[in-house]
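Q: Take a look at the following structure, please.
Every number in this text was worked out from the coordinates using simple rules, so none of it is lab data. This structure is a prediction, so every number in the text was calculated from the model and none was measured. Neighbour counts are summed over all protein chains in view; Cβ atoms, including those assigned to glycine, are modelled from backbone coordinates with ideal geometry.
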Amino acid sequence: MKASDLFVQCLEAEGVERIYGVPGEENADFMKSLEGSSIEFILTRNEQGAAFMASVYGRLTGKIGVCLGTLGPGATNLITGVADGNMDRSPLLVITGQGALTRQHKESHQVMNVVAMYRPVTKWSCAVNAPSNIPEIVNKAVKLATAEKPGACHIELAEDVAAMEVDAEPMRPARPRRPVPDACVIDEVWDKLKAAKSPLIIAGNGAIRTRASAQLRTLCEATGIGALMTFMAKGALDLDDPRCLFTVGMGQRDFPQLAINAADVVLTVGYDPVEYGPEKWNADCGAEIIHMDFDPAESDQFYQPAIEVVGDLAHGLSLLNDRVKRDGAPSYDLSAQAKLRNKMLAEFAEHADDTTTGAIRPQKAIADVRAVLDAGDILLSGVGAHKMWVARHYQSHEPNTCLISNGFCSMGMPLPGAIAAKHAAPDTRVMAIVGDGDIMMNVQEMETASRLGSDITVLVWEDKEYGLIAWKQEQEFGSHTDLSFNNPDWAALCQAMDWHHQACPDAADLQDCLRTALDHKGPAMVVIPIDYRENMILTERLGKIDQTF
């Protein structure tokens, strides 16, 4: 068979269901081989959108997400989405074409060292130089990409290699079981927790993978210990659980820090420093930390755990739960955690019933989104000022029902991501909250959504400037540089792209507009004018909080 046929068979053997991408001449053999396979190819309008789609698909399903581009500009267009998926811990496989081996040694049209370019943003990057190596390369790439911590792997397939004849077969998929923590270490953790007076849990991205959240919920329920969640750990605890302390991770001091200050032991579960560096919450290095994760702790002067529990998170938490069940829960002083939860509930309720016209407060917009979405519905957030409001105010009932890019933090993910989210969960309603800056980064994927009939809703917060940068500059300098821009006629854009459109200038009408959009079969957009005067009001208020409750 041709090498490209073998490559596709290897992908089928690994359980690949679809590939997102934009092919080029150098992918021609691969695309013809794909035509006769069980794998669906989703044609996108930009390679970056394809990478975001594959990343979100992998993050939601736990299966390998796959994207494809050609050599040169196709590969460079992919790389931002790939870097984003890698740092957000999505299992992701990237396939790029390349010029023939016979011209790679010299200056040649569109040829660049793509393998080297991808090494800093992937777990592994490799070129296929011999067709017989394809089964091993594909097997290794998928195994590495799906192993904890998940990430991206890249394979380059040159045009002449793809057309070569080969006699080989796919390898068996490799999904090795993760090692588990030693029981003696769990005993140490339990002794430390029994001796604690006011322990606290910080749950990170790892806590919502591989069944870990179920065991975390059991631990919190049995002991009463509350858990703060990072942006990418939302849903580790149900928002209605009294032990749920909501979200930590704002760039400035916020009320959750007061609960951290009151804790004598901090148990981190799946904590990932790419989201929220320990210098933000442990600046004086005073916290006694227990680290539980799939990997050893990052060497950081602000994060020096007293105990490191390395291995499968769900298993480690299960062993800890066995000890709680055996010995009973200790008596703790968790009053600071109760005060934090009550304080944040009051924050969420403020302005939730606004009926202002002309501009809608972020708090009201978030409250209405939460009101119209069911527990299992999926919300995606872009990057900008809206991300901070979603992160702080939107809370989840279940893991993976609020997707925020908080590792690499690239703009442009939610629109293509929503398309893939619908593929990953076809019976679930999907909404994306985007800024007017964010959506324009990949606005061309509106055509992809229309062509596919994607049943998604996009809520655009319009302020006609890069709001987060303005917010940051105003915090630091008291004013901001010119960050304004113009927007398209949203109604005309939606008509041209065959999308349903609604403009909603009045806060009182927002829930009805959102429900209408969600009920519409196909892609829908709701545009609201956002009142970002609330940004600095929040900054000034948080700047006045005390050290303790």
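Q: Of all the C-alpha pairs in the range 3-163, what % are more than 23 Å from each other?
A: So the pairs more than 23 Å apart make up 26 percent of the total in the range 3-163.
Q: As an exercise, find the ratio Rg/Rh for the range 442-541 from alpha-carbon atoms, using the Kirkwood inverse-distance average for Rh.
A: Ratio of gyration radius to Kirkwood radius: 1.05.
Q: How about the range 1-39: which GluC sites (Glu not before Pro) there lie in a loop by DSSP and see at most 15 other Cβ atoms within 10 Å?
A: none
Q: Before rounding to the nearest 500, sum -39500 (n - 2.57) across all DSSP H runs of length at least 4 in the chain and divide by the residue total; then give [θ] at 222 nm in deg cm²/dmol.
A: -12000 deg cm²/dmol
Q: Over the chain, what is the relative contact order in percent, taking alpha-carbon pairs closer than 8 angstrom and at least six residues apart?
A: Over the chain, the number comes to 13 percent.
Q: Taking only pairs that are 8 or more places apart or on different chains, how many Lys pairs in the range 3-163 have Cα atoms under 14 angstrom apart?
A: Summing the qualifying lysine pairs gives 5.
Q: Just tell me which aspartates and glutamates come within less than 14 Å, Cα to Cα, of residue 464; anything on the same chain fewer than 8 places away is out.
A: In chain and number order, the partners are 436, 438, 482, 489, 531.
Q: Another question about this same structure. Just for the Cα atoms in the range 350-539, what are the lengths along the principal axes, largest first, rounded to whole Å?
A: 46, 35, 32
Q: Could you give the length gained on full extension between residue 214 and residue 169, defined as 0.36 nm per residue of separation minus the Cα-Cα distance, in nm?
A: 12.3 nm
Q: Express the Stokes-Einstein translational diffusion coefficient of the range 160-233 in µm² s⁻¹, to the nearest whole number, given a Kirkwood radius over alpha-carbon pairs, 25 °C and a viscosity of 0.890 mPa s.
A: After rounding, the answer is 150 µm²/s.
Q: Taking every DSSP beta bridge that has both residues in the chain, what percent is antiparallel when rounded to the nearest 5?
A: Around 5 percent of the beta bridges assigned by DSSP in the chain are antiparallel ones.
Q: Can I ask one more? Alpha carbons only, please: Rg and Dmax for the range 293-351, in angstrom.
A: According to the Cα coordinates of the range 293-351, Rg and Dmax are 17.0, 46 Å.
Q: Right, another one. Run the quick spin-label model on residue 483 and residue 264: label points 7 Å from Cα toward the beta carbon, then report their separation in nm to one decimal.
A: 4.3
Q: Using C-alpha positions alone, give me the convex hull volume of the range 250-326 per residue in cubic angstrom.
A: Hull volume over Cα atoms, normalised by residue count, gives 105 Å³.
Q: Additional query: Calculate I(q)/I(0) for the range 14-85 by the Debye formula, one identical point scatterer on each C-alpha and no solvent, and give its log10 at q = 0.16, 0.17, 0.24, 0.26 Å⁻¹ to two decimals.
A: Scattering profile of the range 14-85, log10 relative to I(0): -0.51, -0.57, -1.07, -1.20.
Q: Here's another thing I want to ask about it. Checking a compactness column here: for the chain, what do you get for Rg(Cα) / (2.2 N^0.38 Å), N being the number of residues?
A: Taking N as the residue count of the chain, the ratio is 1.00.
Q: Might you list the cysteines of the chain that have no disulfide-compatible partner by the rule of another cysteine's Cβ under 4.7 Å?
A: Within the chain, the cysteines lacking a partner Cβ under 4.7 Å are 10, 67, 126, 153, 184, 220, 244, 285, 402, 409, 494.
Q: Mind checking the log10 I(q)/I(0) for the range 498-549 at q = 0.16, 0.25 Å⁻¹? Debye, one equal scatterer per Cα, no solvent, two decimals.
A: -0.62, -0.92
Q: Ignoring solvent entirely, what values of log10 I(q)/I(0) come out of the Debye formula for the range 339-431 at 0.19, 0.21 Å⁻¹ when each Cα is a single scatterer?
A: Summing over Cα pairs of the range 339-431 leads to -0.97, -1.13.
Q: 5 Å is the cut-off here: which amide hydrogens, built 1.01 Å from N in the peptide plane, fall below it relative to residue 501, excluding neighbours closer than 5 in sequence?
A: For residue 501, whose amide H was placed from the backbone, the distant partners under 5 Å are 525.
Q: A further question follows. If you build the convex hull over the alpha carbons only and average its shadow over all orientations, what do you get for the range 141-187? Give it in nm² to one decimal.
A: Spelled out: convex hull of the Cα atoms, projected over all directions, averaged, 5.0 nm².
Q: Here is a further query. How large is the dipole of the range 205-344 about the Cα centre if only Lys and Arg carry +1 and Asp and Glu carry -1, each at its Cβ, rounded to the nearest 20 debye?
A: The calculated dipole for the range 205-344 is roughly 520 debye.
Q: Same structure, new question: Go ahead and run the numbers for FRET between residue 301 and residue 353, Cβ-Cβ distance against an R0 of 60 Å, rounding to 0.05.
A: 0.85
Q: Right, something else. Which percent, to the nearest 5, of DSSP beta bridges fully inside the range 353-501 are antiparallel?
A: That works out to approximately 5 percent antiparallel.
Q: So how compact is the range 170-286: Cα radius of gyration and Dmax in angstrom?
A: My reading of the Cα-based Rg and Dmax gives 15.5, 55 Å.
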